[in-house]
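*Asks:* Please find one structure pasted underneath; my questions will follow.
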Amino acid sequence: MVTLEDRFSAILDRAEKTHSLSREDIATLLRAEGEQSQALFQKADDVRKRHLGNGVHLRAIIEFSNNCIKNCLYCGLRRDNRKLTRYRMTVDEIFSAAFNASREGFKTIVLQAGEDPYYKPEVIADLVRRMKSCSDVAVTLSLGDLTKDAYQKMRLAGADRYLLKFETSEPLLFGRLRPGTNLTGRLKQLSLLKELGYQVGSGNITGLPGQSLESVAEDILLLRELEVEMAGIGPFIPHQQTPLRNSLPGDLYLNLKVLAVTRLLLPLTHLPATTATAAVHPSGRRLALKAGANVVMPDLTPLPYRSYYDIYPGRAGIQVSNSYSWWNEELEQIERSIAGGYGHGAIHTSPDQQF
Ligand code: 5AD
Ligand code: SF4
């Protein structure tokens, strides 16, 4: 007789060997509890170690503007949040923050902001050029929806990667949560970015209101279909100044299982232990690093701006330092180390370009 335990182990083994599963099998893994969930985390940790080693890539993130023209229902930076103190860093401030981070040792600088048309693509392109000429770093941009021309200018200036999350693969939910936009448009942007030669990162939120387990399983399949070089996966955290203030928060445990299954299906993709996992639990990042994650993105936004980048609550209370040397010690404690090199995508780049 085939027991449920046998079936679960068979799915795990198949995932490890073929890196491919049906939506139903993914949902079964996501329902794992107790010993089964531990087996899932262990398998994801093994796959991470086998394919990517013990190195953890650190990406310094600089959140340079919290202005946004969009009105996403889940996000504290949404246009209609009048209670937020808005800021814009000057180009020189951004450059200095990036330069300092590179001097500390960070090999990737992520420039992130809400969708803020104040910064013209030419200005960002010049900034990227200046950063690349003064520091030995890879540059990732996370600036939302822009035109092809804008993406191209920044790419030509030397930007290596672009992060654009699809958040949910369910078209109706996407349209409801991100007014005025649709999933098809987002997917077009992602393929455009790929065409322009960016290493593309995407990702999703787990535990959104109205999201089923099958829908989350579909998110994982979409990440696989897109062959993303990086995938940020974080739990939904309700924000008081948004229409979703009374919705239930996402569950860290489910988020860790989503991360683990993603690792099994995308063995080479960079998976960060996201800030959202740290915001919901003091050990969130450590747990994520034990469930398939291989990237951490310390926040190098200068104070006091950092506290105003209020996407969701809990970010200010994160009990970790953002310095390179702190992370060196922290990773040693969990038998990991800071990875050398830029940490370029491992899927579409040849092995000699990865490090
Ligand atoms: N909870 C969790 N993640 C959120 N994000 C925005 N708002 C929330 C929230 N309330 C994430 C989205 C977005 C990134 C900037 O932050 O994934 O892409
Ligand atoms: Fe703006 Fe991004 Fe927040 Fe949406 S999720 S409101 S696009 S910062």
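*Asks:* Restricting the calculation to Cα positions, tell me the Rg (one decimal) and the Dmax (whole number) of the stretch 132-195 in Å.
*Replies:* Rg and Dmax of the stretch 132-195, Cα atoms, are 13.8, 45 Å.
*Asks:* What nm distance separates the two modelled labels at Lys70 and Arg88, each placed 7 Å from Cα along Cα→Cβ?
*Replies:* Label-label distance for Lys70 and Arg88, simple model: 1.9 nm.
*Asks:* Tell me, what is the per residue accessible area of the chain in Å², probe radius 1.4 Å?
*Replies:* Values: 15180 Å² over 355 residues.
Per-residue value: 43 Å².
*Asks:* Which residues make up the longest stretch of the chain that has no GluC sites (Glu not before Pro) in a DSSP loop with at most 14 other Cβ atoms within 10 Å? If you can, show how the numbers build up before the last one.
*Replies:* Values: sites that count: Glu33, Glu227, Glu335.
With GluC sites (Glu not before Pro) excluded where exposed in loops, the chain gives 34-226 as its longest stretch.
*Asks:* Remind me, relative contact order of the chain in percent, using alpha carbon pairs under 8 angstrom and six or more residues apart? Don't jump to the answer; show the numbers that get you there.
*Replies:* Numbers: 665 pairs, mean separation 83.6, N = 355.
RCO, the chain: 24 percent.
*Asks:* To continue, here is another question. Between Leu289, Ser321, Gly53, whose Cα lies farthest towards the positive end of the dipole of the chain when Lys and Arg beta carbons carry +1 and Asp and Glu beta carbons carry -1, centred on the Cα centre?
*Replies:* Ser321
*Asks:* Looking at the stretch 34-135, which chymotrypsin sites (Phe, Trp or Tyr not before Pro) are DSSP coil and have at most 12 other C-beta atoms within 10 Å of their C-beta?
*Replies:* Working: sites: Phe41, Phe64, Tyr74, Tyr87, Phe95, Phe99, Phe106, Tyr118, Tyr119; in loops: Tyr74, Tyr87, Phe106, Tyr118, Tyr119.
For chymotrypsin sites (Phe, Trp or Tyr not before Pro) across the stretch 34-135 that sit outside H, G, I, E and B with at most 12 neighbouring Cβ atoms in 10 Å, the list reads Tyr118.
*Asks:* Could you grab the relative contact order for the stretch 157-252? Cα pairs under 8 Å, six or more apart, rounded to a whole percent. Could the numbers behind the result be given before it?
*Replies:* On the way: 129 pairs, mean separation 27.8, N = 96.
It comes to 29 percent, rounded to a whole number.
*Asks:* Using all C-alpha to C-alpha distances in the stretch 226-355, build P(r) with 5 Å bins and read off the rounded percent in each one.
*Replies:* Taking every Cα pair in the stretch 226-355, the percentages come to 2, 10, 18, 20, 20, 17, 9, 4, 1, 0.
*Asks:* Ok, one more. Mean projection of the alpha-carbon convex hull of the stretch 250-296 over all orientations, in nm²?
*Replies:* 2.8 nm²
*Asks:* Ok, one more. Would you calculate the volume per residue, in Å³, of the smallest convex hull containing every Cα atom of the stretch 71-119?
*Replies:* Numbers: hull volume 5.3 nm³, N = 49.
Normalising the Cα hull of the stretch 71-119 by residue number yields 107 Å³.
*Asks:* With loop defined by DSSP as not H, G, I, E or B, and exposure as at most 15 other Cβ atoms within 10 Å, which is the longest segment of the chain clear of exposed trypsin sites (Lys or Arg not before Pro)? Could you put the intermediate results ahead of the total?
*Replies:* On the way: sites that count: Arg31, Arg79, Arg82, Lys83, Arg86, Arg245.
For trypsin sites (Lys or Arg not before Pro) (loop position, at most 15 other Cβ atoms within 10 Å), the longest site-free span of the chain is 87-244.
*Asks:* To the nearest 20 debye, what charge dipole does the chain have about its Cα centre, counting +1 at the Cβ of each Lys and Arg and -1 at the Cβ of each Asp and Glu?
*Replies:* Working: 43 positive and 40 negative charges, 168 e Å.
Computed about the Cα centre, the dipole is about 800 debye.
*Asks:* Quick one: plug the Kirkwood hydrodynamic radius of the chain (C-alpha pairs) into Stokes-Einstein at 37 °C, 0.692 mPa s, and report D in µm²/s. Let's see the in-between values first.
*Replies:* On the way: Rh = 20.4 Å.
Rounded to a whole number, D works out at 161 µm²/s.
*Asks:* Can you pull the percent of the chain's accessible area that's carbon plus sulfur, 1.4 Å probe, other chains left in place? All intermediate terms of the calculation are to be shown ahead of the outcome.
*Replies:* Numbers: 8000 of 15180 Å².
Ligands and nucleic acids excluded, carbon and sulfur reach 53 percent.
*Asks:* Using the Cα centre of the stretch 1-133 as the reference point, and only Cβ charges (+1 on K/R, -1 on D/E), how large is the resulting charge dipole? Debye, rounded to the nearest 20. Write out the running numbers ahead of the final one.
*Replies:* Working: 23 positive and 19 negative charges, 120 e Å.
Roughly 580 debye, rounded to the nearest 20.
*Asks:* How are the Cα pair distances of the stretch 44-144 distributed, in percent, across 5 Å bins from 0?
*Replies:* 2, 12, 20, 18, 14, 13, 10, 7, 3, 0
*Asks:* For the stretch 67-221, what is one quarter of the convex hull surface built on the Cα atoms, given in nm²?
*Replies:* Details: hull surface 39.5 nm².
Convex hull of Cα atoms, orientation-averaged projection: 9.9 nm².
*Asks:* Could you grab the relative contact order for the stretch 71-216? Cα pairs under 8 Å, six or more apart, rounded to a whole percent. Before the final figure, lay out the partial values.
*Replies:* On the way: 179 pairs, mean separation 31.2, N = 146.
After rounding, I find 21 percent.
*Asks:* Between beta-carbons, use under 13 Å as the cut-off and find the net charge around Ser283, counting Lys and Arg +1, Asp and Glu -1. It would help to have the intermediate numbers written out before the result.
*Replies:* Values: positive: Arg285, Arg286, Lys290; negative: Glu330.
So the surrounding residues net to +2.
*Asks:* Let me ask something else about it. How charged is the neighbourhood of Lys49? Take every other residue with its Cβ under 13 Å from the Cβ of Lys49, and add Lys/Arg as +1 and Asp/Glu as -1. Show your work: numbers first, answer last.
*Replies:* Working: positive: Lys43, Arg48, Arg50, Arg263, Lys290, Arg336; negative: Glu16, Asp45, Asp46, Glu335.
So the surrounding residues net to +2.
*Asks:* For a bin width of 10 Å, list the pair-distance distribution of the stretch 120-162 built from all Cα-Cα distances, rounded to whole %.
*Replies:* Whole-percent P(r) values from 0 Å outward: 32, 59, 9.
*Asks:* Right, something else. All other residues with a Cβ under 11 Å from the Cβ of Lys257 taken together, and with Lys, Arg as +1 and Asp, Glu as -1, what is their net charge?
*Replies:* On the way: positive: Arg31, Arg263; negative: Glu33, Asp251.
Surrounding charge for Lys257 is 0.
*Asks:* Considering the stretch 149-253, what Rg and Dmax in Å follow from its alpha-carbon atoms?
*Replies:* Reported Rg and Dmax, both Å: 14.8, 44.
*Asks:* Also, I was wondering about something else. In nm, to one decimal, how far is the Tyr118 label point from the Ser22 one, both placed 7 Å along Cα→Cβ?
*Replies:* It works out to 5.2 nm between the two label points.
The values are calculated or read from the model by the stated rules, or taken from the named source; none is laboratory data. Just so it is clear, the structure is predicted and the values come from calculations on it, not from any experiment. All Cβ positions, even for glycine, are placed from backbone atoms using ideal geometry, and neighbour counts span all protein chains on display. Ligands, DNA and RNA are excluded from the accessible area calculation, which covers all protein heavy atoms including side chains. Shrake-Rupley method; radii C 1.70, N 1.55, O 1.52, S 1.80 Å.
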